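Input: a single structure, listed below in structure tokens.
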Amino acid sequence: MRIEAVIFDIGNVLVPFSWQLAEQQIRSRIGKDTEEARNEFVLLKERLEVGQVSREMFLRSAIRILDFRGGTDEFAAIWNSIFSPNEELEEFIVRLKESLPLYLLSNTSELHLTYLEERFQVLRHFVDGVYSFRVQCAKPDRKIFEIAAKQFGVTPSRTLFVDDLAPNIESAAVYGFQTIRYDRRRHAEFRKQVGEFGLL
């Protein structure tokens, strides 16, 4: 089966992240480190990623819920401090874009996407993207794969989807996409799998 397009996840694929980096900074500056506050904050984050709350509402609510000792700009900077580059994959993307259209499919928020687009040039190699906060649904929901296939104009059986999470890979495969589960620690294995699809 000839691959005609490739769709990539962002977090922990194109751009690795670690929530611990933000958690450590936030915990040192909050007045409420209770299970109830943490649970309320997790629900707020989930609502942010499916577009149910705005960037501004998220920041104000997060500061209130956690009793964060600082302003919205400070909280946003900490919240965005979780990301780091994946140079090996970026080099691969630069070569791959010469032969195939590349797309993005990510569970993310406006807050993170704006930051990523400003700081990580790897995202500039992609033709288009579907983001959970814009379409108000998230992987592994089948609906987001339907939206992506339609928006990108791709045939799932001829499109490779790359993600780090098993539930997302499984849902994409059921919908009809060709899939590879990515693990940064096994980049050489990813290159081998890509080769089996006839890419590079």
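Determine which lysines satisfy two conditions relative to residue 32: a Cα distance under 23 Å, and not lying fewer than 8 residues away in the same chain. Hits, sequence-local ones excluded: 45. Computed over region 112-167, the P(r) curve from all C-alpha pair distances, binned at 10 Å from the origin, holds 18, 51, 30, 1 percent per bin. Computed from Cα atoms, the angle from the helix 87-96 axis to the main principal axis of the chain rounds to 40 degrees.
Comparing mean-square fluctuations of 39, 107, 86 from a GNM of the chain with C-alpha springs under 10 Å, the top value falls on 39. Note that region 20-33 has calculated 3J(HN,Hα) couplings of 4, 4, 6, 4, 4, 5, 5, 4, 6, 10, 10, x, 10, 10 Hz, one per residue in order, obtained from phi through the Karplus relation 6.51 cos²θ - 1.76 cosθ + 1.60 (θ = phi - 60°); glycine and proline are x. Put a dot 7 Å past the Cα of residue 84, heading toward its Cβ, do the same for residue 98, and the two dots end up 3.0 nm apart. The separation of region 80-118 from region 122-174, counted between C-alpha centres, amounts to 14 Å.
Rounded to whole numbers, the Karplus 3J(HN,Hα) couplings from phi for region 126-137 are 9, 6, 7, x, 10, 10, 4, 5, 7, 9, 6, 7 Hz, using 6.51 cos²θ - 1.76 cosθ + 1.60 with θ = phi - 60°, and x at Gly and Pro. Per DSSP H run of n ≥ 4, the term is -39500 (n - 2.57); total these for the chain, divide by its residue number, and report the mean residue ellipticity at 222 nm rounded to 500 deg cm²/dmol. Taken over the chain, the calculation gives -14500 deg cm²/dmol. Identify, among 25, 41, 52, the residue whose Cα sits farthest towards the positive end of the charge dipole of region 19-79, taking +1 on the Cβ of Lys and Arg and -1 on the Cβ of Asp and Glu, with the dipole about the Cα centre. Result: 25, furthest along the dipole toward the positive end.
By the rule of a C-alpha distance below 21 Å, with chain neighbours fewer than 8 residues away ignored, the lysines paired with residue 150 are 97, 139.
Listed by chain and number, the aspartates and glutamates whose alpha-carbon sits under 12 Å from that of residue 192, ignoring those within fewer than 8 places in the same chain, form an empty set.
Let me test this: with uniform point scatterers at the alpha carbons of the chain, what is the Debye-based log₁₀ I(q)/I(0) at q = 0.08, 0.09, 0.10, 0.14 1/Å? The computed values of log10 I(q)/I(0) come out as -0.29, -0.36, -0.45, -0.83.
Just so you know, all these numbers are worked out from the coordinates, no wet-lab data involved. Everything numeric here is computed off the predicted structure, so don't read it as measured data. Backbone-built Cβ (ideal geometry, glycine too); neighbour counts: all protein chains shown.
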